[in-house]
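Asker: This structure is in structure tokens; I'll ask about it shortly.
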Amino acid sequence: MHKLPALTAFLLTMAAPLWAADPASAPGTPPDAPNPFSAPSALPYALPPFDTIKDADFAPAFEAGMAEQRAQVDSIARSPQPASFENTLVALERSGRMLDRVSKVFFNLNASNTDPEIQKIQTLMAPRLAAHQDEIWLNPDLFARIEAVFQRRGDLALDPESAQLLQRYHLTFVRAGARLAEPEKTRLRQLNQRIAELATRFEQNARKASNDGGVVVDDKAALDGLSAEQIGAAEQAASARGLEGKWLIALENTTIQPVLEQLKSRALRERIYRASIARADGGPTDNTPAIAELVKLRADRARLLGYRNHAAYALEDEGAATTEAVNKMLAALAKAAVGQARGEAAELQATIDAQARATGAPTFKLQPWDWAYYAQITRKARFEFDEADVKPYFEMDRVLHDGVFFAAHELYGLTLKERADLPRYHPDVRIFEVFDADGTPLALLLADLYARESKKGGAWMDVFVDQSRLQDSKPVVIINLNVPKPSEGLPALLTFDETTTLFHEFGHALHGMLSSVTYPSLAGTNTPPDFVEYPSQFNEMWAREPIVLAHFARHYQTGQPLPRALMDRVLAAQKFGQGYATTEYLAAAVLDQSWHQIGPDQAPPAPKVMAFEKAALQRAQIDLPMVPPRYHSPYFMHIFNGGYDAGYYAYTWSEVLARDTEQWFHQHGGLNRANGDFYRAKILSRGRTEEPEPLFEKFYGQPPQIGPLLEHRGLVAPGKSG
Ligand SMILES: [Zn+2]
């Protein structure tokens, strides 16, 4: 679990039921104000017309989109007809289509290809959108109609998906405060707007701190250990900032930076580590004031809505359901992981000592900035391979076609054809049309795989168009990675981790593309965080499945297959270091729960934010000085503006389901259409038309088991878990 790719910040996830609409019932914008979002896109699959969209279009489109939806909602709420499923729920589901169009493009571009203008609009719009959302959720006439339909649900003979839609709307309105009295609603609106402002500020600070925090190196010798290509990229990055003749090591999202694994200079490793953990903690991008206020306001809001704390509120709508269940799982895993990490630390210290003896240099105590470097050396000695030996076998385009797409063909009968004729927002974006086994056009897939400065870090999937029979729409989805762009003429070679990430994001994409539902708000990946990472983590299994590997892992120059013995060592090495990887992840998950399981009076003031963090890790007995949390609070984007607040544990919860499913496939004959079609029918096509727990059990035949996950991570001996 080296990567925990974030599904993109779904600012609007909660609002998804409300952002999809019928243009026929819309008042529309005047014809003299042409805006690319005014009408549905005429491109295939309603792909956004990227070639005509300008930054200046967003603000007016947001305004017009909100106005359109306000008018639609108003006419639903004031309808003289008695409330019915059709004239209330289906009408809501159809409302706000223009807002949906502009929001999806805007938030995708803000993540993948942002600029100062877009960020300015984001700052301006985040509180406005929160207010707009509240206006709908807190509309008493509207809620009265939903409540009336809900109370009669037993007599309506609704099909199961429609019954689920009614249930979801009702619960969403109640959770959003629809039952509060008017003064409390006013307070709630203020809280939501302030929270949206703070979350935006947090994100912008964190992003700027990462960009500004890059480490400038004056002496090329200090870069010993990096490849010529990486050194070239660092030189270019420096020169792009006017630092000719120097090198710039850019920072990625996580605490531990990937280059720490390679750099021989201990002093430079320490500098990079310290730059990483210092991000947004003090200085001009200080995020501690935003955190202090954000966690207090979230706690205030939870109390106002009748919950003990924000986590209790957030978890009510998840598969895991309670803070107790989450704490219990985190504690159970922490015990196994911390023990394993201590053992790994001792092994790395032994490597350091042995090296010192061999060279006659003084030994030293392992520090956090040393871990990745000595883990790499130890791994290499134990498993006898180097990342550089393996990368030539993972050429990105071949991984994509002969690995990712191949597995989808074998499992689900899909074929993908590249389309060069459609507009894109950046020349590096590739577009594929996806066809079902019988040739039926199914979806569009955008793949934006290279890193650039205008893109946020990490990897994620998002949606431009939701699948829906109600709207007769087919899905348009995107996967984003941050693979360093190779120099002109050279192929992009992936690490095995990046290869796995590509399979992961494509797993999300399948969840979106194979969706087969009526209502857009229940489509595809519109599922709770602790379920949404399940199909993606499951799809990772094909990256290491021998039959798939043999198909895509070929040397980019010689065409020779990856030698079996080398691959076996790569796979065995995957279990090495799981103590560290699990501990750094759990530490972050513990921080998330700690920030969100407090009452309003327990929120610390800004200067005490880091002390709060330290105390939380100590309490959970996961405060290993050598194993810092995967994210420290000031740059922990997932939980302060990423939709994973009180939900970061979700990756592990989902992974339990994923590894159970992997075991199921192995028990049923692995990669074939029968298994794939069964999984597609039971899980991938279903979106949230049923709640996660029953959905999973209908596929798996029993409740989830933690054993396969522990075994996969090498945290217990096979056969010892239940
Ligand atoms: Zn994911």
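Asker: If every alpha-carbon in region 213-279 counts as one equal scatterer, what log10 I(q)/I(0) does Debye give at q = 0.13, 0.16, 0.22, 0.24 1/Å?
Answerer: Result of the Debye calculation: -0.30, -0.46, -0.90, -1.07.
Asker: Mind scanning LYS474/LYS682; LYS246/LYS380; LYS455/LYS575 and naming the pairs with a C-alpha gap bigger than 24 Å?
Answerer: Over 24 Å Cα-Cα: LYS246/LYS380; LYS455/LYS575.
Asker: Ordered by packing density, taken as the mean number of other Cβ atoms within 10 Å over each peptide's residues, highest first, how do 101-112, 52-63 rank?
Answerer: Those peptides, ordered most packed to least, come out 101-112, 52-63.
Asker: Please give, to one decimal in nm, the separation of the simple spin-label points placed at HIS401 and SER454, each 7 Å out from Cα toward the Cβ.
Answerer: Placing both labels 7 Å along Cα→Cβ, they lie 2.8 nm apart.
Asker: Roughly speaking, what is the centre-to-centre gap between region 447-482 and region 420-443 when only Cα atoms are used, to the nearest Å?
Answerer: Taking the Cα centre of each part, region 447-482 and region 420-443 sit 12 Å apart.
Asker: Just how many % of Cα pairs in the chain lie over 44 Å apart, if you round to the nearest whole percent?
Answerer: I get 21 percent for the Cα pairs in the chain exceeding 44 Å.
Asker: If you take the beta carbon distance between ILE377 and ASP155 as r and set R0 to 60 Å, what does 1/(1 + (r/R0)^6) give as a FRET efficiency, to the nearest 0.05?
Answerer: The computed FRET efficiency comes out at 0.30.
Asker: Could you tell me the calculated FRET efficiency between ARG128 and ARG357, based on Cβ-Cβ distance and R0 = 51 angstrom, to the nearest 0.05?
Answerer: 0.20
Asker: Also, quick follow-up: Could you sort 515-525, 245-255 so that the peptide with the highest average Cβ count within 10 Å comes first and the rest follow in order?
Answerer: In descending order of packing, they fall as 515-525, 245-255.
Asker: Quick one: Karplus J couplings for region 642-648, per residue in order, coefficients 6.51, -1.76, 1.60, θ = phi - 60°, nearest Hz, x for Gly and Pro?
Answerer: Using θ = phi - 60°, the values come out as x, x, 9, 5, 6, x, 5 Hz.
Asker: Determine which aspartates and glutamates satisfy two conditions relative to LYS391: a Cα distance under 13 Å, and not lying fewer than 8 residues away in the same chain.
Answerer: Within the straight-line limit of under 13 Å, LYS391 reaches these aspartates and glutamates: ASP497, GLU498.
Asker: Hey, what number do you get for the chain at 222 nm if only DSSP H runs of n ≥ 4 count, each worth -39500 (n - 2.57), divided across all residues, to the nearest 500?
Answerer: -16000 deg cm²/dmol
Asker: Which stretch or stretches of region 287-306 have amide N atoms under 20 Å from the point lying 7 Å from GLU316's Cα along the Cα→Cβ direction?
Answerer: Those under the cut-off are 295-306.
Asker: Additional query: With 5 Å bins from zero, work out the P(r) of region 75-207 over every alpha carbon pair and list the percent per bin.
Answerer: Final binned percentages: 2, 9, 16, 17, 16, 14, 11, 8, 4, 2, 0.
Asker: Something else now. Using each residue's phi in region 88-98, evaluate 6.51 cos²θ - 1.76 cosθ + 1.60 at θ = phi - 60° and report the 3J(HN,Hα) Karplus result to the nearest Hz, with x for Gly and Pro.
Answerer: With coefficients 6.51, -1.76 and 1.60, one gets 10, 6, 5, 5, 5, 4, 8, 7, x, 5, 5 Hz.
Asker: ASP472 to THR52: extension gain in nm, 0.36 nm per residue of separation minus the Cα-Cα distance?
Answerer: The span from ASP472 to THR52 would gain 148.8 nm if fully extended.
Asker: Using a 10 Å cut-off on Cβ atoms, rank the peptides 532-542, 389-399, 618-628, 558-568 from the highest mean neighbour count down.
Answerer: Those peptides, ordered most packed to least, come out 532-542, 389-399, 618-628, 558-568.
Asker: Additional query: Alpha carbon centre of region 184-214 versus region 289-346: separation in Å?
Answerer: Cα centroid to Cα centroid, the span is 20 Å.
Asker: For LYS185, list the lysines whose Cα falls under 26 Å from its own Cα; do not include residues on the same chain fewer than 8 positions away.
Answerer: Counting by Cα, and skipping residues close in sequence, LYS185 has these lysines nearby: LYS296.
Asker: Here is a further query. Take HIS401, HIS132 and order them by how many other Cβ atoms sit within 10 Å, fewest up front.
Answerer: Arranged by neighbour count, lowest to highest, HIS401, HIS132 become HIS401, HIS132.
Asker: Please work out how much length the chain gains when fully extended from GLN190 to GLU117, using 0.36 nm per residue of separation minus the C-alpha to C-alpha distance, in nm with one decimal.
Answerer: Contour length minus the Cα-Cα distance gives 23.7 nm.
Asker: How far apart, in nm, are two points set 7 Å out from the Cα along the Cα-to-Cβ line at GLN167 and at ARG342?
Answerer: Label at GLN167, label at ARG342, 4.5 nm between them.
Asker: When a footprinting reagent is the concern and you count Cβ atoms within 10 Å, what order do ASP472, ASP159 take, fewest first?
Answerer: Least crowded to most crowded, the residues run ASP472, ASP159.
Asker: Which one, ALA131, PRO520, ILE195, is farthest towards the positive end of the dipole of the chain when Lys and Arg carry +1 and Asp and Glu -1 on their Cβ?
Answerer: Among ALA131, PRO520, ILE195, the one farthest towards the positive end of the dipole of the chain is ILE195.
Asker: For region 556-598 and region 510-526, what is the separation of their Cα centres, given in Å?
Answerer: For region 556-598 versus region 510-526, the Cα centre distance is 29 Å.
Asker: Report the gain in length on full extension from ARG419 to LEU243: 0.36 nm times residue separation, minus Cα-Cα distance, nm rounded to one decimal.
Answerer: 59.4 nm
Throughout, read-outs are computed from the coordinates displayed, never taken from laboratory work. What you are looking at is a predicted structure, and each value in this text was computed from that prediction instead of being measured. Neighbour counts are summed over all protein chains in view; Cβ atoms, including those assigned to glycine, are modelled from backbone coordinates with ideal geometry.
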